[in-house]
Amino acid sequence: MPDMKRPTRISMPKTATRGVIIDIKTLIQHDMETGYRRDSAGKIVPRDIIAGLTVTYDGAEIFSAEMFTGVSANPYIAFTTIATTTGDLVFAWTDLAGVTTTETRTLTVT
């Protein structure tokens, strides 16, 4: 899959105590075009949406979501996980064309 950088925001702690539940919030900047809107010339704006988000923690999938045309522009997602080990959280956003934007954050567990 091609990798394309879209602006993203990720809010999560850098460190956590083992066994503690942590909040993770993420947003990607994306227009989420439904394919139903027309431009100023009357042409249909092609459908272009983020199809899904997958998050892995130390190599194991901990969260995934499928998105559809009803999701607003700049999708925001919040979820929790339990701090178990020091490792990378990898956020992979994929659009309908198969283009993926990835971001990695490290969680240090004490």
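Bear in mind these aren't lab numbers, they're just calculated from the coordinates by the rules spelled out. The model shown is predicted, which means the values in this text are computed figures rather than measured ones. Quick reminder, even Gly has a Cβ in these numbers, built from the backbone with ideal geometry, and neighbours come from all protein chains shown.
Consider a paramagnetic label point 7 Å from the Cα of residue 34 along Cα→Cβ; state which residues of the range 64-107 have an amide N under 16 Å from it.
67-75
Residue 71: net charge of surrounding residues, Cβ under 14 Å, Lys/Arg +1, Asp/Glu -1, itself excluded? Can you show the working numbers first?
Numbers: positive: 47; negative: 31, 33, 48, 66, 95.
Around residue 71, the surrounding residues sum to -4.
Across the range 8-109, how large is the tail of the calculated P(r) beyond 22 Å, expressed as a percent of all Cα pairs?
The calculated P(r) of the range 8-109 puts 37 percent of pairs beyond 22 Å.
Report the relative contact order of the chain, percent, no decimals, based on alpha-carbon pairs under 8 angstrom and at least 6 residues apart. Provide the component values of the computation, followed by the final result.
Values: 255 pairs, mean separation 37.1, N = 110.
Dividing the mean separation by the residue count of the chain yields 34 percent.
What size of dipole, in debye to the nearest 20, comes out for the chain about its Cα centre when the only charges are +1 on Lys and Arg C-beta atoms and -1 on Asp and Glu C-beta atoms? Please list the in-between numbers first.
Values: 11 positive and 12 negative charges, 57 e Å.
Roughly 280 debye, rounded to the nearest 20.
Could you give the length gained by full extension between residue 43 and residue 97, i.e. 0.36 nm per residue of separation minus their alpha carbon distance, to one decimal place?
Working: separation 54, 0.36 × 54 = 19.44 nm, distance 2.02 nm.
Residue separation times 0.36 nm, minus the Cα-Cα distance, leaves 17.4 nm.
With a cap of 16 neighbouring Cβ atoms within 10 Å, and only residues DSSP puts in a loop, list the trypsin sites (Lys or Arg not before Pro) found in the range 30-110. Intermediate values should be presented prior to the final figure.
Working: sites: 37, 38, 43, 47, 105; in loops: 37, 43, 47.
Those that pass, being in a loop and sparsely packed, are 37, 43, 47.
Okay, which of the range 63-88 sit inside 15 Å, backbone N to the point 7 Å along the Cα-Cβ direction of residue 108?
85-88
Could I have the simple spin-label model distance between residue 14 and residue 62, label points 7 Å from Cα toward Cβ, reported in nm to one decimal?
1.8
With θ set to phi - 60°, apply the Karplus curve 6.51 cos²θ - 1.76 cosθ + 1.60 along the range 54-61 and write out the HN-Hα couplings as whole Hz, x wherever there is a Gly or Pro.
Along the range 54-61, the couplings run 10, 10, 10, 10, 6, x, 9, 5 Hz.
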